[in-house]
Amino acid sequence: MVRFWKSIFVGVPDHVRIELIDMLFQTRVPLSIAGFTLAIVSCHVAISSANPWFYGLSAAGAIVTIFRVATEGVYHRSKGQRSFTIAAAERWERLYAWSSYVFAGLIGLLGAATFWAKNPAHQLLATALVFGYAAGIVCRISVRPGIALPALMLVALPTAFSALARVDSNLAFYAVILIAFLLGSFETVRFIYRQNIEQISLKHEFSTLARHDALTGLANRLGFQERLAIIAARARATGCLIAVHSVDLDRFKEVNDMHGHPVGDALLQAVASRLSGILRDGDFAVRMGGDEFVVVQSVVGNREEAMLLGRRIIRTLSEPFIIDGLELTVGASVGIAVGRDGDDPSDLTPAADRALYASKASGRNRVTFAKPVDAETMARAG
């Protein structure tokens, strides 16, 4: 039993938890159907039994349902308007949890009341509602066991205890079946929860792999375009400059041909590590392919700041590398394009590439800025 609870309440990364919580708020149609059914059954029982208490139960169910459906709408608008943090997700989860408990409790009260009375038709309706809603919980809320399990107990246990209190063998048998169903539902919730965690984790893992270079762990071309777009939007809002450094190793092919691909791959990994080690928060490095890298400065005050980083890149990559006992020296050439991020920030990349070619043509191991015409083009793009 301890292992069961640990497997259900195992911690998950924030990004996985946010997605699990988001799945809770995809249930508008089931919520509406459940609320409508509770209201209709309660009204029918009230009319048949001439007991006005059930009208109150029907009204409460309708109010809670309207609240839950409206909450889901507000949730989606809120999520779309601003950054959705784990703290915000947890607040919405708590709201969803309490509304679920209240609604489940109302169904449990209906079941308990009908079994305390002696009308088999009402008991049959309540049974259908209890089992139907419990199955819905298992299917739709298992992604958050901390909500699903208490809700299941609130639905089933009041009905089961009421049936047992009647001291009737048939109703006692019904109560045993209901409790057995409840216990079986616990295991189903655990299984569905674990399956969802695995699927979401795999999805994020594949997404990460698609955006990162398998050899160095740096962003790849796809990851570069996405992150550059984010920086573009930020720079557009703040009026800051950014700088794109196109970096190419100067003698990598010689090392690769002389010592083989395993040494070449290890050298590329060491280069990636050094580049990552000199970046500020918000800056990032990319492996574009082969021995070509790009470094993006997200906030640049002027060309001199970009030049300082370009020179640091060359100085850092010109220091010897020790790979499998071999001392290797390669060096690097850098081309820089500085401009305001505009509607088409990708213009910076080809400008930096042209500057890189100029660096290599001028003797390598040096920094070259994009030509003024390129900078003017980028400024117009901003």
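Hey, how many Å between the Cα centroid of the range 165-216 and the Cα centroid of the range 264-341?
Centre-to-centre (Cα) distance: 47 Å.
Lysines near K371 by alpha-carbon distance under 24 Å, same-chain residues fewer than 8 away left out - which ones?
Correct list for K371: K360.
So for the pair R315, E90, with labels modelled 7 Å out along Cα→Cβ, what separation do we get in nm?
Using points 7 Å along Cα→Cβ, the separation is 4.4 nm.
Per residue, how much accessible area does the range 181-274 have with a 1.4 Å probe, in Å²?
Accessible area per residue: 52 Å².
Taking K and R as +1 and D and E as -1, what net charge do the other residues with C-beta under 14 Å from the C-beta of G277 add up to?
Values: positive: R274, R280, R312, R315; negative: D281, D283, E319.
Computed value for this residue: +1.
Would you mind calculating the gained length between R221 and A358 on full extension (0.36 nm times residue separation, minus the Cα-Cα distance), in nm to one decimal?
47.1 nm
Nearest-5 percent of antiparallel DSSP beta bridges in the chain?
85 percent
So what's the angle, to the nearest 10 degrees on a 0 to 90 scale, between helix 14-24 and the longest Cα principal axis of the chain?
Taking the Cα atoms of the chain, the angle to 14-24 is about 40 degrees.
Evaluated at 37 °C with a viscosity of 0.692 mPa s, what Stokes-Einstein diffusion coefficient in µm²/s does the chain have when Rh comes from the Kirkwood expression over alpha-carbon pairs? Walk me through the numbers before you get to the answer.
Values: Rh = 25.6 Å.
In µm²/s, the coefficient rounds to 128.
Through the Karplus equation 6.51 cos²θ - 1.76 cosθ + 1.60, θ set to phi - 60°, convert the phi angles of the range 117-134 into ³J(HN,Hα) values in whole Hz; use x for Gly and Pro.
Once rounded to whole Hz, the list reads 7, 10, 9, x, 5, 5, 5, 5, 4, 5, 4, 4, 5, 4, 5, x, 5, 4.
Given H placed on each backbone N at 1.01 Å, which residues far from R366 in sequence or on other chains put an amide H within less than 5 Å of it?
V334
Quick one: helix 372-381 against the long Cα principal axis of the chain, what's the angle to the nearest 10°, folded into 0 to 90?
Value to nearest ten degrees: 20.
Could you tell me what percent of the accessible area of the chain is made up of carbon and sulfur, with a 1.4 Å probe and every protein chain present?
C and S atoms contribute 62 percent here.
The values are calculated or read from the model by the stated rules, or taken from the named source; none is laboratory data. Everything numeric here is computed off the predicted structure, so don't read it as measured data. Virtual Cβ from ideal backbone geometry, glycine too; neighbours counted across all protein chains shown. The accessibility values were calculated without ligands, DNA or RNA, using every heavy atom of the protein model including side chains. Shrake-Rupley method; radii C 1.70, N 1.55, O 1.52, S 1.80 Å.
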